[in-house]
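So the structure is just underneath, and the comments pick up after that.
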Amino acid sequence: MTATADRAYATARQVAHGSGSTFYRGMRLLPQPRRDALFALYALARRIDDIADGDLATDAKLVALGAVRSELAAPWASGDPTVLAVTDAAAQFPIPLDAFHDLIDGAEADARGTAYPDFAALERYCRCVAGSIGRLCLGVFETSDRARAEPLADDLGVALQLGNILRDVVGDLRDGRSYVPAEDLARFGCSIVDGRLTGDAELLLAFEAERAIAWLHRGLELVPLLDRQSARCVLAMTAAYESLVERIAAHPDLALRSQVSLPPWRKRFVVARSLVRSAA
């Protein structure tokens, strides 16, 4: 590893460590080369996400996201350490860097405030912003059947994004964004008025949570196809999401009050439980 690459990975590690993400505990379970590769992927994905969710005007966000595309096309000319770290990681592992372009497509949709008429449209968005992450991570993992594992990694990403949508539904509505498909709103007699869900919103969110759980269970069929360390990593990264979505399915009113989160002790517990399961 060159000194430049070493500094780039150090920056990526700092980004991952400082994020407070539940993914960090899982990433740490991998041996160092693979761990550093995941940190690099996370750091660049975080940069893209921060642009989409930041305070820039829409046009400025789209310009900034276009700049990231250009850097990925010519990484040797980029001064961004996360791009350099990702490029070095892709030289070591079969990481499909084109997936970052899908992620940027999804970030552009967020910047524009795209709405979703049906679940098929929402699924396409989720595959861009999160299925892409599943495919990128799979490039770092060891698997016995990469062709079979790839669509499952994509599905797992969709599941986690559905969990994010449920967790953040109140804040997103308050900010003028809705990721709930219009067809589901109509099905449950709901509408959005002044940034709030009206109608049988609890039943709607319980339905969305059950859908997310079904996607999660399907995505976790990836785990038996992974080596032991990669399987432990995936289970640790997804454990808190599974617990959170199950909580919303049982108590959808919580998601209508504020952003749903798990207390730190609960996160530690579900991660520890996932590791016990992986050892069974």
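The values are calculated or read from the model by the stated rules, or taken from the named source; none is laboratory data. Note that the structure is a prediction, hence the values are computed from the model and not measured. Note that we place each Cβ from the backbone using ideal geometry, even for glycine, and neighbour counts take in every protein chain shown. Areas reflect the complete protein model, heavy atoms only, side chains present, ligands, DNA and RNA absent. Shrake-Rupley method; radii C 1.70, N 1.55, O 1.52, S 1.80 Å.
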Give all pairs with beta carbons closer than 8 Å in which a residue from the range 22-35 that is closer than 24 Å to LEU244 by Cβ and of a type in the set (Phe, Trp, Tyr) meets a residue that is open to solvent by less than 40 Å² (accessible area, probe 1.4 Å) and modelled with pLDDT of 90 or more; count only pairs at least 6 apart in sequence or on separate chains. PHE23/TYR42
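Select, from ALA85, ALA120, ALA111, the only residue that is surrounded by fewer than 19 Cβ atoms within 10 Å (Cβ to Cβ) and among the small types (Gly, Ala, Ser).
ALA120 is the lone residue from the list that is surrounded by fewer than 19 Cβ atoms within 10 Å (Cβ to Cβ) and among the small types (Gly, Ala, Ser).
If a residue must be open to solvent by less than 60 Å² (accessible area, probe 1.4 Å) and among the β-branched types (Val, Ile, Thr), how many such residues does the range 59-81 contain? Explain how you work it out, then say what you get.
Quick first cut of the range 59-81, residues open to solvent by less than 60 Å² (accessible area, probe 1.4 Å) only: 60-62, 64-69, 71-72, 74-75, 78, 80-81.
Checking which are among the β-branched types (Val, Ile, Thr) leaves us with 68.
Qualifying residue count, the range 59-81: 1.
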Subset tally (residues that are over 25 Å from the mean Cα position of the chain (by Cα), at negative phi and surrounded by fewer than 17 Cβ atoms within 10 Å (Cβ to Cβ)) for the range 171-191: 3
Among all residue pairs at least 6 apart or on different chains, which show Cβ distances below 8 Å where the first residue, located in the range 194-217, is over 19 Å from GLY171 (Cα atoms) and open to solvent by 30 Å² or more (accessible area, probe 1.4 Å) and the second is in a helix (DSSP H, G or I) and of a type in the set (A, V, I, L, M, F, W, C)? GLU210/ALA249; ARG211/PHE119; ARG211/LEU162
Specify the residue that is most open to solvent (accessible area, probe 1.4 Å); the eligible residues are those in the range 133-158 that are in contact with a Lys or Arg (Cβ under 7 Å, 6 or more places away or on another chain) and farther than 15 Å from PRO96 by Cβ. ASP155
Of everything in the range 91-108, what is open to solvent by less than 30 Å² (accessible area, probe 1.4 Å) and either under 20 Å from GLU150 (Cα atoms) or modelled with pLDDT under 95 (or both)? Give them in sequence order. PHE93, ILE95, ALA99, PHE100, LEU103, ILE104, GLY106
Output the residues belonging to the range 135-145 that are more than 20 Å from TYR42 (Cβ to Cβ) and either at pLDDT 95 or above or touching a strand residue (DSSP E or B) at 6+ places or on another chain (Cβ under 7 Å) (or both). ASP145
Flagged in the range 75-91 as more than 22 Å from the chain's Cα centre (by Cα) and closer than 18 Å to LEU103 by Cβ, in numbering order, are PRO75, SER78
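Which ones in the range 141-170 are outside any helix (DSSP H, G or I) and over 16 Å from the mean Cα position of the chain (by Cα)?
Result: PHE141, GLU142, THR143, SER144, ASP145.
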Which residue pairs have Cβ atoms under 8 Å apart, sit 6 or more places apart or on different chains, and have a first residue in the range 98-124 that is outside any helix (DSSP H, G or I) and a second that is aliphatic (A, V, I, L, M) and open to solvent by 10 Å² or more (accessible area, probe 1.4 Å)? ALA115/ALA182; TYR116/VAL180; TYR116/ALA182; PRO117/ALA182; ASP118/ALA182
